[in-house]
1. Within the stretch 12-26, count every residue that is under 16 Å from the mean Cα position of the chain (by Cα), of a type outside the set (S, T, N, Q) and either at pLDDT 95 or above or surrounded by fewer than 23 Cβ atoms within 10 Å (Cβ to Cβ) (or both).
2. I'd like to know if the stretch 54-67 contains one or more residues that are crowded, with 17+ Cβ neighbours inside 10 Å and closer than 24 Å to I123 by Cβ.
3. Within the stretch 184-211, track down each residue that is polar (S, T, N, Q) and surrounded by 13 or more Cβ atoms within 10 Å (Cβ to Cβ).
4. Select from the stretch 119-130 the residues that are open to solvent by 10 Å² or more (accessible area, probe 1.4 Å) and either under 22 Å from D13 (Cβ atoms) or assigned to a loop (DSSP other than H, G, I, E, B) (or both) and list them in ascending order.
5. Write out, first by first residue and then by second, each pair whose Cβ atoms fall under 8 Å of each other, whose residues are 6+ apart or on separate chains, and whose first residue, in the stretch 178-189, is more than 19 Å from E128 (Cα to Cα) and at pLDDT 95 or above while the second is open to solvent by 60 Å² or more (accessible area, probe 1.4 Å) and of a type outside the set (D, E, K, R).
6. Residues to consider are D148, D169; find the one that is of a type in the set (D, E) and either within 22 Å of L41 (Cβ to Cβ) or buried (at least 18 other Cβ atoms within 10 Å of the Cβ) (or both).
Amino acid sequence: MNIRGLSKTSLVDFPGRISAVVFTGGCNMRCPFCHNAGLALGGSGFERITEDEIFAFLDKRKGLIDGVTITGGEPTLQNDLADFLGKIRAMGFLVKLDTNGLLPAIVSGIIERGLVDYIAVDIKSSPENYARATGVGLDYIRVKETIDLIRSSGVNYEARTTCVPGFVDIDDIVKAGEFFGRFKHWYLQQFVNRNPMIDPSLKSLSPYPVEYMKKMQAAASAWSDKCILRGV
């Protein structure tokens, strides 16, 4: 595992749970607004953490945290992800996986082996704007495949979209709902321009006003059992 970060305690990453957060390096997208740019590019600027260090830490946290969130970067790129999750589950912790959904076969295998309790899938934009929002030419149909298999699996999940002006607007929210289908929970996240991003010019981009975010929430509510705003 290319592990490049560890947050010892989080109250927000795993809904309803106290979790540690493990950050992996490397991503198969290049979203211009990514706030984990260093991790997405491989994490070479971050100190590498061994799996043994993670397990030693978790052993000390038994009874203090409920689970572990695996995020990135894009965790499904890690060749030994399933084995890593299996070891975490064997220690008695719940597992949450954050993914961009581009590798449905990996997600499917993890679900079939019972290695995950909660999955968060990023929905970057509408199909028309997916390439622009992700910075690469990709097959967004694979993201839909991932969402469909999670829906049918019974594993608890959420969809989440970072609402970046110029990349995601109300029309994109509606078209994303039409294409990807109805979500159990859809979180709309406010764009944050404080952190280093892949496209540094976006530092000068102002987030949407709260009132516009509420209009996006209303649009997304037609395609979700529950739509929640984050960061507003």
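1. Qualifying residue count, the stretch 12-26: 9.
2. yes
3. Passing the criteria: Q189, Q190, N193.
4. D122, K124
5. F183/W223; W186/W223; Q189/G231
6. D169
The values are calculated or read from the model by the stated rules, or taken from the named source; none is laboratory data. Bear in mind that the values here come from a model prediction, so they are computed numbers and not experimental data. Using ideal geometry, Cβ is built from the backbone for each residue, glycine included, and neighbour counts are taken over all protein chains shown. Note: accessible area is taken over every heavy atom of the protein model, side chains too, but ligands, DNA and RNA are not part of it. Shrake-Rupley method; radii C 1.70, N 1.55, O 1.52, S 1.80 Å.
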